[in-house]
Structure formats: C-alpha cells, structure tokens
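The values are calculated or read from the model by the stated rules, or taken from the named source; none is laboratory data. Just so you know, these numbers come straight off a predicted model, no measurement behind them. Glycine gets a Cβ as well: all are built from the backbone with ideal geometry, and neighbour counts include every protein chain shown. Surface areas here come from the heavy atoms of the whole protein model, side chains and all, with no ligands, DNA or RNA. Shrake-Rupley method; radii C 1.70, N 1.55, O 1.52, S 1.80 Å.
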Amino acid sequence: MAPTVASDAAAGAKQHTGKAVGLAARDASGHLAPLTITRRSTGDDDVAIKILYCGICHSDLHSIKNEWKNTTYPIVPGHEIAGVVTEVGKNVTRFKAGDRVGVGCMVNSCRSCDRCAEGFENHCPGVILTYNSVDPIDGTVTYGGYSSAVVVNQRFVVRFPDAMPLDQGAPLLCAGITVYSPMKYHGLNVPGKHLGVLGLGGLGHVAVKLGKAFGMKVTVISSSPGKRQEALERLGADAFVVSKNADEMKAAMATLDGIINTVSANIPLAPLMGLLKPNGKMIMVGLPEKPLEIPPFDLIMSNKTLAGSCIGGMRDTQEMLDLAAKHGVTADVEVVGADYVNTAMERLAKADVRYRFVIDIGNTLKDTASANTRRVTPEPWTTVPSSILHGRATPRIGRSHTNVRPAGTRLRTLQGERNKDVRSCPEVTAYPARTAAIKSPSPARFVAPQTQHITPPSISISALQRAHRPILGQSLGVDRSMAPTAEATKQHTSKAVGLGALDASGHLAPLTITRSIKNEWNNAMYPMIPGHEIAGEVTEVGKNVTRFKSGDRVGVGCMVNSCQSCDRCTEGFENHCAGIIFTYNSVDCIDGTVTYGGYSSAVVVHERFVVRFPDAMPLDQGAPLLCAGITVYSPMKYHGLNVPGKHVGVLGLGGLGHVAVKFAKAFGMKVTVISSSPGKKQEALERLGADAFVAVMATLDGIINTVSANIPLGPLMGLLKPNGKMIMVGLPEKPLEIPPFNLIMGNKTLAGSCIGGMRDTQEMLDLAAKHGVTADVEVVGADYVNTAMERLAKADVRYRFVIDIGNTLKDTASA
Ligand SMILES: NC(=O)C1=CN([C@@H]2O[C@H](COP(=O)(O)OP(=O)(O)OC[C@H]3O[C@@H](n4cnc5c(N)ncnc54)[C@H](OP(=O)(O)O)[C@@H]3O)[C@@H](O)[C@H]2O)C=CC1
Ligand SMILES: O=C/C=C/c1ccc(O)c(O)c1
C-alpha cells in the first residue's frame, strides 16, 4: 500500500483559514485569471512564505491545458517559488521570519519510507506535488506558486544562498534540480566528458550552464538556428547543432557521452540517439504528451540507454542551489507582471522566451480576497526590497532580461530523415591473418535436406574480413570503393554447404532471429545462410594461431571479425566496433562478399572470434550460449543484475529468457518470470528454478526483456522499483513505444544491449560450465529446419532448437 503523507503534529488543526490570491485556470483553455484561495494555518512543522517570484515551467503549460489528462480544475500552477518567510511553526529550526527561501515541485511526502530516508522524496509513493496533487490529510488539492502565499512543511523548503537573486534563482527550484539530478546520478557531471543538451529552453539553458560549471564540453542540439549565437557566446556552450541540419547532425554522430533531453514535444528520437557514443545515455526529462517512439535497433546497437528522470530530492535541491551560487549559475529570466501570464504562456508554447518567464508575484499580484473578480494590474517592480531580491551579495550574478521580442516563426520539426549510414568504412589496417577453420563434428550420417525451395548454395567462406558493417536495420551503405590490399584479400576457394533462404518467404528461416530472413529488418541480402550459435571442432589453423589446434572443441557466436584496433576492440567490446562483421548477412567492404552463418558444414574464422568450449560443456547444449547466453549475460554483468539477493524479472521465456533465468539463479538472485504463456509456469518454477511467475508492481530491480514482439512497455515499467532498469535484448520489428511518464516517474531506465564482447563470451561459457548452466535444447536434423522455424514463430520450443549439422548436413558442394 502506498504510504500516506506524514501526519504533522498539528495536522488535525490545519484549518484552511488563510486567504491568498492565485492565478487559476478553470478549464482546458488554460486561461489564467485571479482566484481567491485558502492556505492552511501554519502547523508546528510548517513554514509560511510570502511569495515574491514564481517561474513559469513548461509543466505549468502542459498542466493548465490538461495535456497529461490529470488536471483537476481550478488549477493554480507554479513550482518555482521564491519568497520570504513570514511565520514558522514551533518545531521549525532551520528557518525564521525574513529568511529568503524557495519551494520547488513537492510540498510533502511520507517522510518515513526508504526513499524519503535516502533523500529521494521525489520517488516516495506518497509524494505531494506543489500543485494539482491531493493532500490526503484533508483531501484538498494543492495550489502552486502563482499565488501570493504558501504554507509548506519545512523539509520541502530550501534556503537561497546569499549570492542568489530570487528572480533568477526561482527557476532553479524546478529547472535546475531537474537537470542537476540526472547529471549527478548518470555521471554527466565529470570534467572532460561531452554533454549534449537537447532543447534550449528553461531546463536546457540551465543544463548548459551546469555542464560548463562541471567542466564539461557542452553541445546544444536545438531546433532553433536563431539560438546559436547566444548559446555559444552567452551561455558558454562549446558547439551548437541544428537538429534539422543533416550535415551538422552527421558531423556530431557518436560524439556525446550523454544527452539531457528537455524537449517538451514528441520528436523522432532515433537520429538523436545516433549522436551518442556506444554506451551513451539519453536522459529524458521533457514530458511530451504522447508516447516516445524508439526503434529497438537504435537502443540495442551500441548499448544505448534511454532513462527518465523526475525532478530530484530535497537534499540534492539544496546542494544544487549552493553549487549554482558558487559557480554563478542562475537562470536567464524575463520578469513579467501577473497580467502578462497568458501572453507568457502563448510565447512559451512557441519557445519564444530567453529562457524563463518569472512572474513578479510580490509586486504585481495583490493579496486580496476580492481577486476573484479583479483583473490584476501590473505595478512597478521596485517595491521588493533589494536585500530580499538580491540577497546580501553586492554584484548580481547573471542578468535579468526583459527582452520582449516579437514571436518569430519557428521550424519545429526535427528532420525525421534518418541518417542512413553514419559510420563510414573505417580506416583499417590489414587484420592479422590468424584464422581457424572449424567444422561441425563427425558427419557420420547424411540426411539430405528436404527442401524444394532452395538449392543449398555452395558458399565461399570469407577468411579475412576487414570490412565495415553498417548498423543492422539501416540500409546497407557499403563502401565498395575501398580497394583491398593484396595481403588482406583472401581467396574464397573452400566449399561448404549451407542452409539458406533465397527470399523473404522466410523459408529456412534463421534459428535465432527468425524475422531476419523474412527481411523484417529490411536488411536481408539473399541468399542468406543464417546461424550464429556455432559449435564444432577445429580442422586446421593458420600459422599465427596460438590458442587453438586441430581437434579442439570450439564455438563461434555472432561476430567473425572487427577492426581489432579501435578503443572498443581494445577494451574487449568488439560488439561495439564500427567495423564489426557479423557471422551472417554482413558485408565485407574489402571484397564485397556477404558472410554466411552456421547453418553450414564449415566456417573459417579469425581466432579472436573463436571461443573454447569447457570440457564439461556438451556442444549441442552449449551452442545456444554463443548468442542467447552472452546476450543476456552481458547486460546482467554491466547493469548490476548479477548481484546476489537482487530481484530480476525475465520477460519472455524463450531461448534467451530461459538462459537468463539459469544465469540469474547461478548469480544467487531472486528471479521472477513474466510470460504470456501460462503453460510455462510449472517448468519455469520447477525445472528452471525461477522463484515466481507473476510479478508485483514496483518490486523488480531490473528486467531482461527478451520478447521478440512489440508489446506495451508502459505497464511493465511499473514492475520496476525506482531507478529500475529494463534491458531490451529482444528486437521487435516496430519502434518501441513508451509513455514518457512511465520512464520519468521513478527514474526508470530503458537500455539496449547487443550481444557481448569476446572476452565476456569466454567468461560466460566458463561460468556456465562451472554452474552447470546450459540451454534446454531440442536437437533436430537439417531437414527439420523449416518446421522448426514455424514452431519457433509460435513459441513452440523448449527452449532452443539446435541443428545437428554434423550428422545431417553433407559437406559437399553438390548438396
Ligand atoms: N522530468 C521532470 O522532472 C520535469 C520535466 N519537465 C518537462 O521538461 C520539458 C521542458 O520544460 P521547459 O524547459 O520548461 O520547457 P521550454 O518550453 O522552456 O523548453 C523546451 C524546449 O524544447 C524545444 N522544443 C519545443 N518544442 C519543440 C519541437 N516541436 N521540436 C523540437 N524542439 C522543440 C525548444 O528548444 P529549441 O528551440 O532549442 O529546439 C524549447 O525551448 C517539459 O515537457 C516539462 O514538462 C519540467 C520539469 C521537471
Ligand atoms: O514525483 C513526481 C514529480 C513529478 C514532476 C514534478 C514537476 C514537474 O515539472 C514534472 O514535470 C513532474
């Protein structure tokens, strides 16, 4: 049960007797007009505040127009509140009358749960937001800071540093903490790292300033070319990319460690994810109306992360204010009178503000009970004593801008045009000529493939691949102009037999990525011979090969080569090398050949991409680990989902899923299987060792999502605890859809993970052998492969088909 809000000592006595004036919207037109409201009398733990300034956040605009479909009217928005204390309750120790204070997005929480204890009141199930939230103590709806006064529990009040002017400091209470918190917790506050700030509005411009205060390189990505000069010259950004300028976007591809996405509208995310380096993170703080759409490939290739972040805790808010004061970070504000608020909203909707409107409440909103009927007249803004406004610091930090300017025409659309192939064929030196020839063991018995759809082609096995392989799922912009050097070009002389598909009928579909040969990813090259869970024995090795000899039991997974010299390769993440060559359907840009996979009798592979089977590991039950195993093992390792006692969900109990369950149990974790097949419950619990088959809301530390179809992700994100992570390894055909609130509330993460590096693959195999983890397999003959594919499409396999290549596929060119 959700905790209720903390009951203050004087809760019962909280009469709403104090009168105040608010600016309220009464319906979804969003028009704001004065309204008399009541405020509770000051309780023992309360601080009563005369409001002097309130920033206009885009959330206020979303809310008054009911864009999130949760608005209770009348609504008095405002959660960037700056003012002066007028009265404190008897338990209040940190504040006294006359203090310069602020209130942000929250006014209470349970104050007793783990989240509150850790300082993350923003994740407390009992959090009470500053406006449009029901106060469970008395059932009233909270009213925000577009009002003359407010009474708030002391825990939710922060102190303005002396050096911070109230008008320029007010926006930090929401805009500031909203960008500061994810920068802090996602490691985007590290000097020298490269931060992208997407959307240069209220939140965005503060993110730029904080990024520079942290010593980072900052690139602004904006839809407004007109903001370039001031971003570079006034805000201190290092670079400015116009999101609709294809050349600028291309030049910035794969350069950013992280992006703080502050955009309030639904825009295509895929091109923006391309700006991230491998392992890069986009942190969503913007809250557009409709679900986010993200093609799974853009998340999974290069292990990108899309995380949400929701404001920040109170301790961090004070920390941020103090740090901002120290570094002279304030908001650039346009201070307006209360009667300008509707115009300000119109201009905000057009992104026509540099960069935050702040309402001068103290001087322009009269605190009278007759406000219901009265139009608020702006008054001179000089009546706030300057010691209150500016604090005791003499020089003012930043500037107050009153640059009321005509609303310009804005081109809002981000170019939907995907950057087709941003990775050009890398400059490569010849790959070292160390190859191992591998053959499926003992072809003792030959069963002719029973197919009338395909003549198994004889395949040339590419021995040396120094090609560039563009991202799966994008069109294949292969640079064939790159001439092979003599020593790097291999003759394709050896013959083998493969099971291939000639067209998108999908006949002879691949074992693990069924859709691939149906061309659902639009990248198939026919004939295609799939297969990347290859187990066999070495028949021959090249002269430089040191790790293998004839007769060794070995495996090959999803890659057969990479550049072997870039940082990624050096770190052991060949899976993120721009020059990766996949085991099948990959183009070698040196000689233009297409790789053929393991539904074939033999293969020749560079030794780096060959792993050794531990003695205890049967080849047939071990083969699936070469893809299924490493694909789940790698994200479990790198996302901290291998920790004893943690609770992991495995979504989809198929080839990948059942291996994930076994690894999680080997790691000593609690495992819940989330499956669409009730029939799998018993074996999940009894044979695979899962602890539960039905997941409970907010209980999981992480979910490994292995589902190959597009399913609604929103409800599944609800199963995660705050800060929980869903790791996508399944690759559905259509873009993932996720409502922004499901990501942002509770700071959830949706990350992609793409196979794993070679070092980790060997580590995973060795660990699997140690813990007796193998795949549950159904070994079939080559002639059964199409039936197997049909059954796989229906999830009718427990849990991996393995083709007995050695015994059922003849190794002759005439096959
Ligand atoms: N997660 C959280 O805890 C919080 C979330 N928010 C949310 O963050 C978002 C940003 O708030 P705020 O900074 O106040 O809003 P602003 O309106 O000030 O800034 C948003 C910026 O996004 C860009 N933008 C807007 N529309 C489009 C479009 N159609 N296409 C491309 N870019 C666009 C513009 O920047 P440019 O001109 O540079 O392209 C604009 O200036 C809102 O959705 C708000 O609700 C706010 C507070 C807390
Ligand atoms: O705990 C939830 C807070 C949500 C929230 C607060 C403020 C704001 O501007 C938001 O967009 C969300």
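Charged neighbours of Val777, selected by a Cβ distance under 11 Å, balance to -3 (K, R count +1; D, E count -1). A cut-off of 5 Å between modelled amide H atoms, ignoring neighbours fewer than 5 places along the same chain, links Val336 with Val358, Ile359, Asp360.
Less than 5 angstrom separates the built amide H of Ala254 from those of Leu275, Leu276, all sequence-distant by 5 or more or on a different chain.
Taking 0.36 nm per intervening residue step and subtracting the Cα-Cα distance, what contour gain separates Val694 from Ala349 on full extension?
119.9 nm
Run down the lysines and flag those whose C-alpha is under 16 Å from the C-alpha of Lys50, throwing out any fewer than 8 positions away in its chain. Qualifying lysines at Cα under 16 Å: Lys19, Lys96, Lys366.
Just subtract the alpha-carbon distance of Asp138 and Glu778 from 0.36 nm times their residue separation and send over the number in nm, one decimal.
Answer, rounded to one decimal: 224.2 nm.
The string of couplings for region 239-244 from the Karplus curve (6.51, -1.76, 1.60, θ = phi - 60°) is 8, 9, 10, 8, 5, 9 Hz, one whole number per residue in order, with x for Gly and Pro. Averaged over its residues, region 221-295 has an accessible area of 36 Å² per residue, based on protein heavy atoms and a 1.4 Å probe.
Here the simple spin-label model places points 7 Å from the Cα toward Cβ, and for Arg547 and His327 these points are separated by 4.3 nm. Taken about its Cα centre, region 18-170 carries a charge dipole of about 240 debye when Lys and Arg each add +1 at the Cβ and Asp and Glu each add -1 at the Cβ.
Computed from backbone phi, the HN-Hα couplings of region 273-280 come to 5, x, 6, 7, 5, x, 6, x Hz, rounded to whole numbers (Karplus: 6.51 cos²θ - 1.76 cosθ + 1.60, θ = phi - 60°; Gly and Pro given as x). Only lysines eight or more places from Lys794 in sequence, or on another chain, were considered; those with a Cα closer than 19 Å are Lys518, Lys680, Lys681, Lys734.
Just the number, please: Stokes-Einstein D of region 175-310 in µm²/s, Kirkwood Rh from C-alpha pairs, 20 °C, 1.002 mPa s.
149 µm²/s
About its Cα centre, region 175-310 has a charge dipole of approximately 260 debye under the convention of +1 per Lys or Arg Cβ and -1 per Asp or Glu Cβ, with nothing else charged. Overall, region 627-767 carries a charge dipole of about 200 debye about its Cα centre when +1 sits on the Cβ of Lys and Arg and -1 on the Cβ of Asp and Glu, all other atoms neutral.
Note on Lys65: aspartates and glutamates with a C-alpha under 12 Å away, same-chain residues under 8 apart excluded, are Asp27, Glu289, Glu346. Rounded to whole numbers, the Karplus 3J(HN,Hα) couplings from phi for region 216-225 are 8, 8, 10, 10, 8, 10, 9, 8, 10, x Hz, using 6.51 cos²θ - 1.76 cosθ + 1.60 with θ = phi - 60°, and x at Gly and Pro. For Leu619, the shell of other residues with beta-carbons less than 11 Å away shows a net charge of -3, using +1 for Lys and Arg and -1 for Asp and Glu. Among the GluC sites (Glu not before Pro) in region 263-333, those placed in a DSSP loop whose Cβ has at most 15 other Cβ atoms within 10 Å are Glu289. Region 224-321: which trypsin sites (Lys or Arg not before Pro) are DSSP loop and have at most 11 other beta-carbon atoms within 10 angstrom? Taking region 224-321 and a limit of 11 other Cβ atoms within 10 Å, no loop trypsin sites (Lys or Arg not before Pro) are found.
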